[in-house]
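The structure appears right after this line, and notes come after that.
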């Protein structure tokens, strides 16, 4: 039962994150929020009117990510793909927590300050762990999930590049939209991973025997 509770963490984590940044924030601070021109990181920036509002839900999101990582690891049963996915999820969660509490960016008007530069490096490390989660996670199930995971990775790389180029040029017209494409496809993947793993938790019979529900692909 504990393993099932931990495994499901990825689904509510996605809901909490998306609801916080794109439902709660615009309702409370509509003048500061923008789906197209405001980066999500700016919602947590030092001095942002939305920072205090979003700290608790984002801290909950990170806790749910760690719980999900624990569930993936606990369900590994020696399967290397799950072990590596769980480890990468922990790395992602650490970077996400650091970016929220230790290395938030400063407001856009401050330019590339040392604090904002620290945030950029933290976000880059988080992106690396996100990519690792998708690569290792691609081998958790069979061909369909592998293709889905690699497609998600491709979308993240393409739109991450778009966002980086726009930021380098100093144009912020569409940076919020390109960044949100990344976030939404990542959150959807997390939820799908959680639900698919939950559906494959082995069945324990009345006699105490463990019977797997489906064959699971592994990295050899």
Notebook entry, point to check: For the range 162-220, what are the residues that are assigned to a loop (DSSP other than H, G, I, E, B) and modelled with pLDDT of 70 or more?
Noted result: 170, 171, 172, 173, 174, 199
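Here is a yes/no grid of residues against (1) in contact with a helix residue (DSSP H, G or I) (Cβ under 9 Å, 6 or more places away or on another chain); (2) within 23 Å of residue 18 (Cβ to Cβ):
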{"position": "47", "(1), (2)": "yes, no"}
{"position": "52", "(1), (2)": "no, yes"}
{"position": "61", "(1), (2)": "yes, yes"}
{"position": "66", "(1), (2)": "yes, yes"}
{"position": "70", "(1), (2)": "yes, yes"}
{"position": "93", "(1), (2)": "yes, yes"}
{"position": "98", "(1), (2)": "yes, yes"}
{"position": "113", "(1), (2)": "no, no"}
{"position": "121", "(1), (2)": "no, no"}
Note to self: Against the definition (closer than 21 Å to residue 160 by Cα, assigned to a helix (DSSP H, G or I), in contact (Cβ under 8 Å) with a residue 60 or more places away in the chain and under 16 Å from the mean Cα position of the chain (by Cα)), how does residue 123 come out, yes or no?
What the structure shows: yes
Check: Out of curiosity, is residue 142 loosely packed, with under 14 Cβ neighbours inside 10 Å and modelled with pLDDT of 85 or more?
Finding: yes
Notebook entry, point to check: Which of the residues spanning the range 37-73 are more than 28 Å from residue 113 (Cα to Cα) and either surrounded by 19 or more Cβ atoms within 10 Å (Cβ to Cβ) or modelled with pLDDT under 95 (or both)?
Noted result: 64, 65, 66, 67, 68, 69, 70, 71, 72, 73
Check: What is the one condition in (1) farther than 19 Å from residue 178 by Cα; (2) buried (at least 19 other Cβ atoms within 10 Å of the Cβ); (3) out of contact with any strand residue (DSSP E or B) (no Cβ under 7 Å at 6 or more places or on another chain) that residue 130 does not satisfy?
Finding: (1)
Next item on the list: Would you check if residue 84 is crowded, with 23+ Cβ neighbours inside 10 Å, closer than 24 Å to residue 196 by Cα and modelled with pLDDT of 95 or more?
Entry: no
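The values are calculated or read from the model by the stated rules, or taken from the named source; none is laboratory data. Nothing here was measured: the structure is a model prediction, and the numbers come from that model. Note that each Cβ is placed from the backbone with ideal geometry, even for glycine, and that neighbours are counted across all protein chains shown.
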